[in-house]
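One structure below.
What follows draws every value from the coordinates through simple rules; no lab data is involved. The shown structure was predicted, so the numbers you read here are calculated from the model rather than taken from an experiment. Here the Cβ positions follow ideal geometry from the backbone for every residue, glycine too, while neighbour counts run over all protein chains shown.
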Amino acid sequence: MNGSALDTPMMRQFIKLKAQYPNAVLFYRMGDFYEMFLDDAELVAPILDIALTSRNKGKPDAVPMCGVPVHAADAHIKRLAELGHHIAICEQVEDPKETGGKRLVRREVVEVVTPGLVGDPEGLDGRTVVAVAAVYYDRSSNRFGLAVLDASTSDFRATAVPAEASALALDSPASSIPDALLQELARVSPRELLLPSDRVEAWSEPLLEILDEVAVTSLDESTFLKLDRLRLERSTADGLAEGGGDWPGEFMQENDPGSRAAVAVANYLIENQPFAAANPPRLRRYEIADTVVLDASTRRHLELHQNSEDRGRAGTLIQELDETCCALGARRLSQWLSYPLLSVTAIAARQDAVELLVERDRMRARLRDAMTRVRDLERLLAKATRPGAVPRDLGALRSSLQALPDVATAALGGPGGGSETSELLAAPPSEATTLVAPDPLPELSRLLERALIDDPPTIAKGSRGAHETGYIREGYRSDLDSLRESATKGREWIAGLEAEERERTGISTLKVRFHPVHGYSLEVGKGHLAKVPEEYERKQTLASVERFTTERLREVESKVMGANERAAKLEREIFESVRVAACEASDEIREAADRVATLDALASLAEVARRKRWVRPVVDDSETLEIKEGRHPVVESVLRRQGSDGFVPNDAKLDPAGQQILLLTGPNMSGKSTYLRQVALIVLMAQMGSFVPAASARVGMVDRVFTRVGASDRLAKGESTFMVEMRETADILRQASRRSLVILDEIGRGTSTFDGLSIAWAVAEYLHDTKGVEARTLFATHYHELVALADSKARIHNAHFEVREWNDEVIFLRRLVEGGANRSYGIQVARLAGLPAPVLERARSILLDLEGGELPGGQGKPLRGANDGQLMLALRPPRSAKGEAETECIEALKALDPDAMTPIDALTWLVKSRAGLLAVGDEGDGA
Ligand code: ADP
Ligand code: MG
């Protein structure tokens, strides 16, 4: 006999399966465990923190192995996928009983879980989107395509963007990914990215830079082109009736890179989750240009979805807006915030619905109540349509479907009782069109009600041969009922047997026993053996008792067992047919889920608007931005939670023809950054259809929000703050339009004063002077010198936050007033922050020196231009050689064409110019 541990039937089966999935960890099902062998075992044991053992332990041919119990496997699988692994789930596809124990059970890989296709959606946070995306470049149309799928919700969409004329014209268009696509990918934030294998090298770097944690999967180019396999799978998907459309042919368009990317995603899906062919996700096309462009840094700076501290939800706008009742609505609302609209009519439609719900407290309450019961319909559907679905999954789907009629009734303003009628009478007849009610799917609902018991059980995952029965409701199928009845009759007869036999034999302690392996028996104590009748057949001898059976008992027993088994099989068949019915209704279920998602998002906006007394903004195609008594939604909430009503509202007014740039000066802590963000948030909220925290607001549509706020936290990526800052600023100057909103908070802070000041100055001028770039701009700066800009630039206006001095302390009034600030109060702020008194004292005296035009320490060297208390030197008409160098530098700066520069060019220029200045200078720029 060959003793090698690898040369057993089982290991041969394993090795054969593994060969088909060389890049995946193979979870090999053995009874109640998934086992991993060889390299797989050595790879995962430390990751999952499970014991590594081996078959043939201690022998030279020992096979490393480890395992996880099936009931706990899901968490392990998800963990591995999160770390970028692929996991092939290999199940026993026949009942071990069927083999009679004579040969190995057949096994097949039923699914491959990947970082972007997480498999069983159980346990996923309802707000989390788990997406796999594909990118494709189409030469003939010179466009890039993007497709994104969340398989757990079947949200599947595709778009295309034109290739950019590359800044480095040497490259072919294919090798440089357009900025719009990068920004869109950052917004989508997929867990897994599918790229054509021949592009992986060229594309990975920019993509990985913008996507923090993404697993790149390289696919053969043909995967982006092939439809045959998909068609085939679709048409042979088991148990499915005809129809369902020509998926995915229905979404193929000629020369469309979006379609190509979608085909790759679809192929990848079917490859890894073959069962998905039975209810394939429907593709939706979208245009990035239909929505406000929000680049990664803007979303980060404004803390829309993640805070900058720990990337959590605390302190974000979404947390402030999210009062949704079910996961469907939570995801929808989050998406609305990611994609604010650009169409006045689309925005007005959302606003109308929100307004309706704001005004009808009772209707909103009833609607929200019903929606709470809908739960995560999309993922419940995904779970229920997986082949491993258990009765409980269909039960959960059922209860969500059962809530739909109430949602529909509430959305249509239907009966509720009480004083509801007056509310209804007040409603204009057209309002039914404002809210779109879901279609309740009564047939499927009724089928699930009739077929399944009230509280259907979970059967251990994958154990489809398990013996759990009884989840199909009585009265649903007569054949099942009669099987059950005969089983019951038999059991009843057996139940009566004890009394009968005691009486007949006179053995008062005789018992009827049941044993899962040995079945039924009549148990007699050793002391009574003499009384045992002849026809009793000895079955089992134990220490103090003997067990018997009779011919009749054997007959009845086998009838009962047979009926049970057949009933269990029948139940599984019925369950399967019900599951297929749910699969077939998946398009309708998704449609209903889609409507509930929208209703929930609308109701959430209404709930928040009502609670916080927000108002409906006017959103139009004008270029004006006018906010009266605006508040920062998050900061106001934080203050309120601290028990303060102290948020000070402020107005804002911007338009490219009049007050295009508002320059905010003033000390740290006075409220500049808060104000800047507040204005941007109000604009985004308005364009997503929300009400806004203000007394009134008019928002002329903004096509893109740019922000450059504060010091950046990207140091970890090895870039200097200044470099990041300049790169972001360059992007703004290159891409801003008259329709944009630009938020600049302390730009130039990352470098020395004069460099920073000059850059800030030049940027403001550029935004003011360049045709087509006159974006509405809020510009906060601690460089007081910039105040002078307003003198020469008609559309630049100054404002500052009011500050009072009292006993050498500053009091921040947080009120915005016209004109520039005159002092920075830095020392007072430092004192507030708790700097020690001697340091403050010394700082004060240095400040006095500086203001008097002296360098500290009485070196007596006058600072040019310092007599007005400001450092104006760089901006004065020059006399000296140094002055000339400075003028030259400024002229050169003005003449720059940032459009044509890469960030590296910009930085090189800066470094060179600065060196030039320092070379002729006599005192450096260390001010
Ligand atoms: P700056 O950018 O001028 O340094 P911030 O905007 O960071 O100032 O504001 C500093 C603090 O002042 C914030 O943390 C906030 O709590 C508070 N604050 C800002 N604006 C207001 C306001 N309008 N009403 C009340 N408190 C405010
Ligand atoms: Mg600030």
Report task. Could you tell me the distance between the Cα centroids of segment 35-66 and segment 590-636, to the nearest Å? Result -> 56
Query raised in the report: Sorted by packing (mean other beta-carbon atoms within 10 Å per residue), highest first, where do 262-272, 728-738 land?
Result: 262-272, 728-738
Report task. Let me have the relative contact order for the chain, percent, based on Cα pairs under 8 Å that are six or more residues apart. Result -> 9
Query raised in the report: In µm²/s, what is D for segment 510-615 at 20 °C and 1.002 mPa s, where D = kT/(6 pi eta Rh) by Stokes-Einstein and Rh is the Kirkwood radius from Cα pairs?
Result: 108
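In the calculated pair distance distribution of segment 577-650, what percentage of Cα-Cα distances lie above 20 Å?
On the way: 1596 of 2701 pairs.
Cα-Cα pairs in segment 577-650 separated by more than 20 Å: 59 percent.
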Report summary line: ILE494 and GLU122 label points (each 7 Å along its Cα→Cβ direction) are spaced in nm at 3.1
Query raised in the report: When SER577, SER141 are ordered from fewest to most other Cβ atoms inside 10 Å of their Cβ, what list results?
Result: SER577, SER141
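What's the whole-number percent of alpha carbon pairs in segment 91-136 lying beyond 17 angstrom? Mind showing how you got there, number by number?
On the way: 593 of 1035 pairs.
Result for the distance tail: 57 percent.
Per residue, what volume in Å³ does the Cα convex hull of the chain take up?
Values: hull volume 247.1 nm³, N = 927.
Each residue corresponds to 267 Å³ of Cα convex hull volume.
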Report task. Going by C-beta contacts inside 10 Å, put MET901, MET726, MET685 in order with the fewest on the left. Result -> MET901, MET726, MET685
Report task. Starting from the amide H of SER343, placed 1.01 Å from N in the peptide plane, find each other amide H under 5 Å away whose residue is 5 or more places distant or on another chain. Result -> none
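Considering just Cα atoms, how many Å³ per residue does the convex hull of segment 1-153 enclose? Working shown, then result.
Details: hull volume 25.4 nm³, N = 153.
Spread over its residues, the Cα hull of segment 1-153 gives 166 Å³ apiece.
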Report task. Sort out for me the Cα centre separation of segment 754-773 from segment 488-531, rounded to whole Å. Result -> 99
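Could you work out the local net charge near VAL648, counting Lys and Arg as +1, Asp and Glu as -1, over the other residues with Cβ closer than 9 Å to its Cβ?
On the way: positive: ARG631, ARG814, ARG815; negative: none.
Around VAL648, the charge tally is +3.
Rule-of-thumb check for segment 495-572: C-alpha Rg over 2.2 N^0.38 Å? Walk me through the intermediate numbers first.
Details: Rg = 14.0 Å, N = 78, 2.2 N^0.38 = 11.5 Å.
Working it through for segment 495-572, the quotient is 1.21.
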Report summary line: Taking every DSSP bridge whose two residues both lie in the chain, the antiparallel percent to the nearest 5 is 60
Query - Estimated [θ] at 222 nm from DSSP helical runs (n ≥ 4, -39500 (n - 2.57)) normalised by residues in the chain, nearest 500 - result: -13000 deg cm²/dmol
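With the Cα gyration tensor of segment 1-52 in hand, give its eigenvalues times 5 under a square root as the equivalent ellipsoid semi-axes, listed largest first in whole angstrom.
Calculated on Cα positions only, the semi-axes equal 20, 13, 11 Å.
In what order do TYR520, TYR136 fall by count of nearby beta-carbon atoms within 10 Å, going from fewest to most? Write down the numbers at each step before the final one.
Values: TYR520 22, TYR136 29.
With the sparsest Cβ surroundings first, the list reads TYR520, TYR136.
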